[in-house]
């Protein structure tokens, strides 16, 4: 900081000069002592410089509202919103989120370092404070067909970017457990740079928690039960309570939180669609939910702000106190988190639900706009030969969870070929390699989608983001694949050979180049089109479908080589031999 500016801030704090902005007549939340302060808050050059009695060149009368620190989302994939970082700000800032820690591993799996640098550059255009963790597992596991491979040497230069806080979720537990060379180097590089390392411990045993902690991995957001949370906390980890569009874990994990250990917990959304963010909220939804479940409001707000800041070393975030950044909100109802105004660096950025800054038009490179390279698919390419006497290995989805179950179901076939059975809700699922035009098509069977006709498909398929489709017949599955190939990526609903609606995602097949509001409207049209397939269940089928391609979350998932048993870490045939 410039010396004269520094001196000026001290002068303002000492009340020898007026502050640029003073918030008056507010109840100020002290997240340290967990009490209310009745005082003015003085702001100069984007910083809080005093709490007490102050005069300002500009003054805002809070009229008795509560002034609380801005929320921090501790782990989010912005790409899951399907809009660019600046457009993402429109969705979350009005909900009180002033900072996020993002892992751009979605776009990295498609476009490598070029994709990461695109996200860094676009994030700098946003009013939202956007920090980055570097993708640790691109691809998620060594046998995956992603569009890029990132080694330790590829990541190391990116630590010099000031927004980079560490190494993102380490999900390849096999590489960690066996201390594989490149994984060890990634972990050491992060430690040598004094950076944080995020974990991804879905379904892992206590023995493997010990391995992760020994590797200096400090957080986990894949916790689904209170007991899992306590096992991690007792080993010195931070635990993120997650509430996304698919994974909804807050209520199940919250009983682990108490006054003694609350500082080891904070919130994240991980993966949340834009329409859900705009309608339901972000971290504000989790704070609201936690209070309703009986958590003390001060602890809930502390978990929504200070705890994440402390975990990630954001020393000037997460509190209303001198020396902290002026990222805060005014609220009229504590328990319901009714937000009237949001400030970032002392600037009003949202009021009564409206985002105020102007967003620049995105200009991605041609490389990012040409990412869908799919071979031509014929009906015979989707054939799945069965024996009438052997049960099928089937993915059973669990609504609103990332985990699945492996089930055995009696064959559904015609002349030795699998056919989808809508009466039993047993459908064909297809994963097509889309990065290098390889003739690799994984074919499996899934239960629980509830489609009665037609097909849906998406190029958002965590984490390698190949093209994934599920449907009631091969013709509509092929039409869905062709539609996304022509669109350059996106989401589509098809029925009787017609694409009912498609949301194009031309940037790496993951992001729209349109505004948040345009994408939100398109998502609503897409969900209306879903009704024509007979879908009527209480979960997001596109997000659920997208996570069926992630072979690091139990029990069974899809790869371009077919079904994959995550627990035993091996591929499965559709029918097991006796």
Tell me which residues, restricted to the range 452-471, are within 15 Å of residue 501 (Cβ to Cβ) and assigned to a loop (DSSP other than H, G, I, E, B). 454
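Sort through 231, 163, 144 and tell me the only one that's modelled with pLDDT under 95, surrounded by 15 or more Cβ atoms within 10 Å (Cβ to Cβ) and either out of contact with any helix residue (DSSP H, G or I) (no Cβ under 7 Å at 6 or more places or on another chain) or at negative phi (or both).
Answer to the check: 144.
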Out of 49, 12, I need the residue that is in contact with a strand residue (DSSP E or B) (Cβ under 8 Å, 6 or more places away or on another chain) and assigned to a helix (DSSP H, G or I). Which one? 12
Could you tell me whether any residue of the range 271-288 is at pLDDT below 95 and assigned to a strand (DSSP E or B)? no
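Considering only the range 528-552, how many residues are farther than 17 Å from residue 273 by Cβ and out of contact with any strand residue (DSSP E or B) (no Cβ under 8 Å at 6 or more places or on another chain)? Full working, then the answer.
Taking the range 528-552 as the starting set, the residues that turn out to be farther than 17 Å from residue 273 by Cβ are 531-534, 536, 551-552.
In the following step, the residues that additionally are out of contact with any strand residue (DSSP E or B) (no Cβ under 8 Å at 6 or more places or on another chain) were identified as 531, 534, 536, 552.
Of the residues in that region, 4 qualify.
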Among the candidates 244, 203, residue that is surrounded by fewer than 20 Cβ atoms within 10 Å (Cβ to Cβ), touching a residue at least 12 places away in the same chain (Cβ under 8 Å) and assigned by TED's automatic domain parsing to the domain that holds residue 279: 203
Among the residues that make up the range 285-301, is at least one of them buried (at least 21 other Cβ atoms within 10 Å of the Cβ) and without any contact (Cβ under 8 Å) to a residue 24 or more places away in the chain? yes
Residue in the range 76-90 that is over 11 Å from residue 131 (Cα atoms) and out of contact with any helix residue (DSSP H, G or I) (no Cβ under 8 Å at 6 or more places or on another chain) present: yes
Condition first: over 21 Å from residue 101 (Cα atoms) and assigned to a loop (DSSP other than H, G, I, E, B). Now tell me which residues in the range 289-322 satisfy that. 293, 294, 295, 296, 321, 322
Selected residue (only one of 499, 480, 529 is touching a residue at least 12 places away in the same chain (Cβ under 8 Å), over 23 Å from the mean Cα position of the chain (by Cα), more than 14 Å from residue 84 (Cβ to Cβ) and not in a helix (DSSP H, G or I)): 499
Residues of the range 236-251 being under 28 Å from residue 186 (Cα atoms) and outside any loop (DSSP other than H, G, I, E, B), which ones? 238, 239, 240, 241, 242
Please enumerate the residues belonging to the range 369-390 that are surrounded by 15 or more Cβ atoms within 10 Å (Cβ to Cβ) and either at pLDDT below 90 or over 27 Å from the mean Cα position of the chain (by Cα) (or both). 375, 377, 381, 382, 384, 386, 390
Among (1) under 30 Å from residue 229 (Cβ atoms); (2) at pLDDT below 95; (3) crowded, with 21+ Cβ neighbours inside 10 Å, where does residue 190 come up short? (2)
Residue under question is residue 185, and the condition is that it be in contact (Cβ under 8 Å) with a residue 24 or more places away in the chain, under 25 Å from residue 569 (Cα atoms) and outside any strand (DSSP E or B); does it hold? yes
Quick check: is even one residue across the range 532-540 modelled with pLDDT under 95, in a loop (DSSP other than H, G, I, E, B) and closer than 18 Å to residue 79 by Cβ? yes
Residue hits (the range 521-578; touching a helix residue (DSSP H, G or I) at 6+ places or on another chain (Cβ under 8 Å), under 16 Å from residue 202 (Cα atoms) and exposed (fewer than 15 other Cβ atoms within 10 Å of the Cβ)) are 569
Identify, from the list 525, 519, the residue that is touching a strand residue (DSSP E or B) at 6+ places or on another chain (Cβ under 6 Å) and at negative phi. 525
Can you name the number of the only condition in (1) without any contact (Cβ under 8 Å) to a residue 60 or more places away in the chain; (2) surrounded by 23 or more Cβ atoms within 10 Å (Cβ to Cβ) that residue 507 fails? (1)
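Residue check: is residue 564 assigned by TED's automatic domain parsing to the domain that holds residue 457, assigned to a loop (DSSP other than H, G, I, E, B) and either within 28 Å of residue 410 (Cβ to Cβ) or touching a residue at least 40 places away in the same chain (Cβ under 8 Å) (or both)? So that I can check it myself, show each step before the final result.
Details: assigned by TED's automatic domain parsing to the domain that holds residue 457: yes; assigned to a loop (DSSP other than H, G, I, E, B): no; either within 28 Å of residue 410 (Cβ to Cβ) or touching a residue at least 40 places away in the same chain (Cβ under 8 Å) (or both): yes.
So residue 564 fails the test.
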Per the filter on the range 212-235, residues touching a residue at least 40 places away in the same chain (Cβ under 8 Å) and in a helix (DSSP H, G or I) are 212
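The values are calculated or read from the model by the stated rules, or taken from the named source; none is laboratory data. These figures come from a predicted structure and were not determined experimentally. Here the Cβ is made from the backbone with ideal geometry for all residues, glycine too, and neighbour counts use every protein chain on show.
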